[in-house]
Amino acid sequence: MSAAFDLRVDKALADPQLKIALERTTGNARRKRAAAVAAWPDFAGARAAAAAIKDHAIEHMAYYLETFERNALASGALVHWARDADEACAIVVDLCKAAGAKTVTRSKSMLGEEIGLPHALAAAGLRRVETDLAEHIIQLADETPSHIIWPAAHHTKEDVAELFAAHHRDKTPTTDVESMVASARKELREDFFAAEVGISGANFLVAETGAICTITNEGNAELTTTPPRVHIVTAGIEKIVATTEHALQLTRVLVPSATGADLTQYTTFHCGPKRPGDLDGPEQFHIVLVDHGRTRMLAEMPEMLRCLRCGACLNHCVVYRAIGGHAYGGAYPGPMGSVLTPVFDGLEKSRDLPNACTLNGQCRQVCPVDIPLPTMLRGWREKSWSGGMEPAKTRLALQIWAYAAARPALYRLGQAFALPMMRLFARGGWISKMPLTSGWTAARDLPKPPGTSFITQYLSGKRAGR
């Protein structure tokens with residue numbers, strides 16, 4: 001474990017408020033998703049169909065991207081291609097400068113976080129206003145998102161009340177959620193209409209129409225993309241789908257997986273700039289299509305390009321729920337982030353993430369497009385091992401374990417000594433301190449082991465014919 005990752009994890013595990021905030025958000029999301037799936041007559045069939053839709057688009061990505069560009073240009077949009085994060089940010093900043101922008105509003109976009117767009121806008125001297133409520137909260141707190149659906153999942157409502165009292169013009173302290181939302185709405189209203197440029201992401205790029213689709217719950221995306229003279233979309237090339245019907249089918253599995261709802265409040269298709277006779281809409285409509293490692297993923301791990309960014313894998317991950325998003329150190333946390341971050345930042349810098357996973361498989365079970373996340377995480381571990389990136393003490397420990405595991409008699413002899421010794425340290429069914437286990441017991445307890453090992457119980461049952 002690297003020192004930086006170790007420190008972030010220790011800080012997260014020592015924060016009792018973080019655990020409260022995370023469980024409020026992820027616990028509620030898990031319960032709602034479970035209810036939505038239970039009420040769905042054939043969720044498994046819909047899931048398989050969604051995976052097939054994504055696989056088809058990925059397999060024919062070049063064709064559908066060309067079709068999308070042709071139809072987007074026909075609608076009056078301008079399409080820009082970016083090979084990496086720096087190129088994408090430069091395109092957006094240049095478009096903002098060309099528009100004479102001083103204020104730029106932005107609706108939530110993880111692609112923007114991935115490419116470092118907030119920093120690029122600030123470096124260019126542009127005033128950036130985050131319009132999603134949770135993004136507004138973390139902008140006031142000068143933080144990065146900790147969840148891809150609920151960026152402020154690490155904050156309690158009490159934290160938010162303090163932030164609003166410190167930064168909003170309305171200084172009335174309150175923890176009433178409705179009052180806090182009203183305060184944010186009042187604070188942001190002027191910026192919606194003052195901004196020269198609005199920046200959004202896209203949930204889907206529809207090849208047959210050249211439209212982009214945004215899925216939100218607050219309506220801030222519509223206020224970000226409609227009043228300004230210029231609308232800029234930043235989207236990863238993997239967002240491409242063949243048809244509007246396919247986009248809607250994917251929406252049908254995305255939303256319950258993300259929030260437990262049937263549909264979001266706002267599912268909007270944007271197709272080109274304002275036309276003669278239109279009452280509103282932008283005068284210019286720019287779409288920035290970003291690669292940033294996706295072509296490489298197409299060759300090495302195409303299944304990851306299915307990802308709908310629903311956040312279900314985060315909500316069900318026992319590691320994420322213990323340490324939150326910031327401990328991961330990248331734009332994307334949780335299981336999906338542990339697969340994606342090595343692609344963007346390099347495995348040598350992020351090898352801790354796949355190694356932190358328990359591989360319990362819940363992430364794949366809840367993924368609406370059946371991404372084999374545990375398999376991919378094991379793949380990164382294998383590359384880390386074969387590339388000699390693991391610390392010497394880790395390699396030695398695993399070599400010792402492998403030596404013993406390959407010799408059943410020796411392995412059982414070790415268990416025969418270890419289990420009774422562990423039981424000596426147990427108090428009330430749990431072990432809070434024990435030699436050589438401080439990495440675990442510093443933040444959580446170990447369960448008292450049973451009197452006999454699993455292997456012994458298994459062999460006894462086998463001999464008894466059970």
0 to 90° range, to nearest 10: angle between helix 334-345 axis and the chain longest Cα axis: 70 degrees
DSSP-defined beta bridges in region 163-312 - what % are antiparallel, rounded to 5: 40 percent
Solvent exposure, largest accessible area first (probe 1.4 Å, DNA, RNA and ligands not counted), of T214, T259, T358: T358, T259, T214
Spin-label pair K433/A123, simplified geometry with 7 Å Cα→Cβ offset, distance in nm: 4.9 nm
Spin-label model distance (nm) - A52 vs L410, 7 Å beyond Cα toward Cβ: 5.1 nm
Binned Cα-Cα distance frequencies in region 291-370 - 5 Å width, integer %: 3, 16, 27, 26, 21, 7, 1
Sequence of S432, S386 when ordered by accessible area, the most exposed leading, probe 1.4 angstrom: S386, S432
Residue pairs, from the table K349/K393; K102/K274; K349/K448; K11/K349, whose Cα atoms sit over 30 Å apart: K349/K448
Whichever aspartates and glutamates have a C-alpha closer than 16 Å to that of K171, once near sequence neighbours (fewer than 8 apart) are set aside: E158, D159, E162, E187
Cys with no candidate disulfide partner in the chain (beta-carbon separation under 4.7 Å rule): C89, C96, C213, C271, C307, C310, C317, C357, C367
Per-selection Rg to Rh, region 259-337 - Cα, Kirkwood hydrodynamic radius: 1.10
Solvent-accessible area of C317 with every protein chain in place, 1.4 Å probe, in Å² to the nearest 10: 20 Å²
Rounded Å value of the spacing that divides the Cα centres of region 78-110 and region 1-45: 32 Å
At R0 = 25 Å, FRET efficiency that the Cβ-Cβ distance of S460 and A397 yields, to 0.05: 0.25
Which labelled figure in (1) 1.07; (2) 1.02; (3) 0.97 is Rg/Rh (Cα atoms, Kirkwood Rh), once derived from the coordinates: (2)
Segment A62-D10, length gained on full extension (0.36 nm per residue, minus Cα span): 14.3 nm
Relative contact order %, region 332-453, counting alpha carbon pairs below 8 Å whose residues are six or more apart: 15 percent
Nitroxide proxy distance, nm - points 7 Å out along Cα→Cβ at L446 and E283: 6.9 nm
GluC sites (Glu not before Pro) restricted to region 213-314 and DSSP loop, no more than 15 other C-beta within 10 Å: E283
Restraint check, K108/K186; K157/K186; K19/K186; K108/K239, Cα-Cα greater than 21 Å: K19/K186
Gained length - E190 relative to A74, 0.36 nm times residue gap less alpha-carbon distance: 38.4 nm
Region 189-243 pair-distance distribution - Cα-Cα, 5 Å bins, rounded %: 4, 19, 27, 21, 17, 7, 4, 1
With all protein chains modelled, accessible area of L308 [1.4 Å, Å²]: 10 Å²
Solvent-accessible area per residue, Å², over the chain with all protein chains present [probe radius 1.4 Å]: 48 Å²
Two-site FRET efficiency, D86 against R31, from Cβ-Cβ distance with R₀ of 35 Å, rounded to 0.05: 0.25
Largest to smallest accessible area among Y266, Y63 [probe 1.4 Å]: Y63, Y266
For H292, residues with placed amide H under 5 Å, excluding near neighbours: D84
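The values are calculated or read from the model by the stated rules, or taken from the named source; none is laboratory data. This is a predicted model, so every value here is computed, not measured. FYI the Cβ positions are ideal-geometry reconstructions off the backbone, even for glycines, and counts take in every protein chain you see. Ligands, DNA and RNA are stripped out before the accessible areas are found, and what is left, the full protein with its side chains, is counted by its heavy atoms. Shrake-Rupley method; radii C 1.70, N 1.55, O 1.52, S 1.80 Å.
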